[in-house]
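Step one of this worksheet: look at the structure below.
Just so it is clear, none of the values below were taken in a lab; they were calculated from the coordinates. Please read these numbers as outputs of a predicted model, since none were measured by experiment. We place every Cβ from the backbone using ideal geometry, glycine too, and count neighbours over all the protein chains shown.
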Amino acid sequence: MNILVIGSGGREHALGWKISQSPGVRVFAAPGNGGMREWCVEAKGAWLEVAERVGADLTVVGPEAPLVEGVVDRFRAAGRGIVGPSAENARLEGSKIFAKDFFKRHGIPTAEFVAVENAEDAKKAARGFRFPVVIKADGLAAGKGVVIAADRAEAERAIEALGPRLVIEEYLEGEEVSFIALCDGRDVLPLAPTQDHKRVNDGDTGPNTGGMGAYCDARILTEAQTERILDTIIGPAVEATRFTGFLYAGLIMTADGPRVLEFNVRLGDPETQPLMHRMTTDFVPVLEAAARGELGRHKLEWRRGASVCVVMASGGYPGGYQTGVPIRGIEDAEATGATVFHAGTRAGTDGIETAGGRVLGVTAGGEDLRSAIERAYAAVGKIEFAGMHYRRDIGLKGLKRYGVTAPGR
Ligand code: AMP
Ligand code: GLY
């Protein structure tokens, strides 16, 4: 069986890595990256042509852009198996205003908001909220179109920078959780909960990024919380849209219960890296069933304990950065037992070099969160490239929350 993975990040490397462990499966990736080089095929022409060229029985789409452009509709019309939402449903991620109106219409708990189309209305709306207030650009922004403004001056600067179509939103207090479910139009199969680290610096400071690291641990949510998320957020959304593919709810667990900040219509990155690392179920039959609308009896099993992914980024990211920087020590890192998923890398003349902002996702598991963190950082310590930076506190908030002391503290 041939499976095509569309995309080029750590999420896609982790997906391909997991899929490639399934017996009788051959993985193709387009465009892929340096870590996926054995699977890479040219991403020339329409995605459907690429899938036909490699004889893909099933295609899994990583990033949102092809989904928003309608790749799933075209595959379905041609009778080719694919996991993902229709272009219509992909609008849940493509437009924040569309998503917020959707939440409101279906009674899905979310932050209070006002949608605006020009700077003047935006400034007026911002005055109606307590500070900090959240200012969000309407379109796709790879997690970077959001400013949490501490005061009026900052809010007005953000409005000028991100506008004119904006969502002005109430700031919510609570733990942030990435809740991802695989959906087949009717049935819903939740993945394990994860927590991302979106700010670039330790202690959740500095600008937002695509995500600087994530961990996966069952204790992120209680069973009752999971049930509530399924009942009040995922369930109503899937029922209203007949959603297919991965529905990712970015949640804040407030004192009044879960609130959805946003829906993504795909797997998260880096979340997919610790998720694939911890999943023990053969994912391929599950993906096939999702594509056929037969998810019904499937279950997902996870290794006991936790997994952690630390993102190593290029100097300057999430701002401008250099590429073509040689990377050393990937093999040494893997010799420690960790898995190094590639994101922005390519095969250069002198080995693997950088090719993007987020470069590697160093991922490790452990019998508990503490040992997973220690293993991931032991592997990170083996890797070097000029200008690299990474957060040193991935998972530590989790450790604190569960009443376990952080290593060395
Ligand atoms: P989004 O692109 O909507 O996921 O926003 C990016 C990040 O900004 C989120 O991951 C949160 O950390 C933060 N954020 C967004 N909206 C809110 C909100 N209403 N209250 C608190 N934090 C928020
Ligand atoms: N890690 C956040 C996202 O994938 O949107």
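Plugging the Kirkwood radius over Cα pairs into Stokes-Einstein for the range 42-100, at a temperature of 25 °C and a viscosity of 0.890 mPa s, what D comes out in µm²/s?
Result for D is 206 µm²/s.
Rg (Å, one decimal) plus Dmax (Å, integer) for the alpha carbons of the range 299-349?
Calculated on Cα positions, Rg and Dmax stand at 14.7, 44 Å.
How large are Rg and Dmax for the range 254-307 when calculated on the C-alpha trace, in angstrom?
Here Rg and the maximum Cα pair distance are 14.1, 39 Å.
222 nm [θ] for the chain, helices only, -39500 (n - 2.57) per DSSP H run of 4+, per residue, to 500?
It comes out at -8000 deg cm²/dmol, rounded to the nearest 500.
Which aspartates and glutamates have a Cα lying under 16 Å from the Cα of LYS96, excluding residues fewer than 8 positions away in the same chain?
GLU64, GLU88, GLU112, GLU117, ASP138, GLU169, GLU170, GLU262
Write down Rg/Rh for the range 113-235, rounded to two decimals, with Rg from the C-alpha atoms and Rh from the Kirkwood relation over Cα pairs.
On the Cα set of the range 113-235, Rg over Rh gives 1.03.
Calculate, axis by axis, the spread of Cα positions in the range 284-391 along the three principal axes, and write the results as whole Å, longest axis first.
Its Cα atoms span 49, 33, 26 Å along the three principal axes.
In debye, nearest 20, what is the charge dipole magnitude of the range 320-409 about its Cα centre with +1 on Lys and Arg Cβ and -1 on Asp and Glu Cβ, if you could check?
Here the range 320-409 has a charge dipole of around 540 debye.
Counting only C-alpha contacts under 8 Å and six or more residues apart, can you give the relative contact order of the chain as a whole percent?
Dividing the mean separation by the residue count of the chain yields 17 percent.
Roughly what % of Cα-Cα distances in the range 36-189 sit above 23 Å, to the whole percent?
When every Cα pair of the range 36-189 is considered, 50 percent fall beyond 23 Å.
How big is the convex hull of the Cα atoms of the range 74-139, per residue, in Å³?
119
Taking the Cα-to-Cβ direction at GLU154 and at VAL25 and moving 7 Å from each Cα, how far apart do the two end points lie in nm?
So the two model labels end up 4.4 nm from each other.
Name the long-range amide H neighbours of LEU191: under 5 Å, sequence gap of 5 or more, or other chain; modelled H, no Pro or chain starts.
ILE180, ALA181, LEU182
Assigning unit charges at the beta carbon (Lys, Arg +1; Asp, Glu -1) and nothing else, what dipole magnitude in debye, to the nearest 20, does the range 303-369 show about its Cα centre?
240
Distance between Cα centroids, the range 1-64 to the range 158-214: provide it in whole Å.
26
Can you list, largest first and rounded to whole Å, the semi-axes you get for the range 218-364 by taking the square root of 5 times each eigenvalue of its Cα gyration tensor?
In descending order, the three semi-axes are 33, 19, 16 Å.
Taking 22 Å as R0, compute the FRET efficiency from the Cβ-Cβ separation of ARG297 and ARG105 and round it to 0.05.
0.10
Show me, for the range 371-382, the HN-Hα J-couplings you get by feeding each phi into the Karplus relation (A = 6.51, B = -1.76, C = 1.60, θ = phi - 60°), rounded to Hz, glycine and proline as x.
Working through the residues one at a time gives 6, 5, 4, 4, 5, 4, 6, 4, 6, 4, x, 8 Hz.
Compare the Cα positions of ILE3, THR281, VAL114 along the charge dipole of the chain (+1 at Cβ of Lys, Arg; -1 at Cβ of Asp, Glu; about the Cα centre) and return the one farthest towards the positive end.
My answer, from the dipole projection, is THR281.
How long are the three semi-axes of the equivalent ellipsoid of the chain, in whole Å, if each is the root of 5 times an eigenvalue of the C-alpha gyration tensor, listed from largest down?
In descending order the semi-axes read 30, 26, 22 Å.
Using only Cα positions of the range 1-87, each an equal point scatterer, no hydration layer, compute I(q)/I(0) via Debye at q = 0.15, 0.17, 0.19 Å⁻¹ and quote the log10 values to two decimals.
Results for the range 1-87 at q = 0.15, 0.17, 0.19 Å⁻¹ read -0.46, -0.60, -0.76.
Counting other beta carbons within 10 Å of each Cβ, put GLU120, GLU12 in order, fewest first.
Starting with the residue having the fewest Cβ neighbours, the order is GLU120, GLU12.
Using 1/(1 + (r/R0)^6) with R0 = 51 angstrom and r between the beta carbons of THR254 and ARG53, what's the FRET efficiency to the nearest 0.05?
0.60
Which order do ASP332, ASP393 fall in if you start with the one that has the fewest other Cβ atoms within 10 Å?
ASP332, ASP393
So what J values fall out for the range 395-402 if you push phi through Karplus, 6.51 cos²θ - 1.76 cosθ + 1.60 with θ = phi - 60°, rounded to Hz, Gly and Pro as x?
x, 5, 4, x, 4, 5, 5, 8
For the chain, what is the charge dipole size about the Cα centre, in debye to the nearest 20, if Lys and Arg each add +1 at the Cβ and Asp and Glu each add -1 at the Cβ?
The dipole of the chain has a size of about 200 debye.
Can you find, among PRO66, GLY235, GLY357, the residue sitting farthest towards the positive end of the charge dipole of the chain, where Lys and Arg contribute +1 and Asp and Glu -1 at Cβ?
GLY357
Between GLY84, LEU251, ILE373, whose Cα lies farthest towards the positive end of the dipole of the chain when Lys and Arg beta carbons carry +1 and Asp and Glu beta carbons carry -1, centred on the Cα centre?
With unit charges placed on the Cβ atoms, the residue in question is ILE373.
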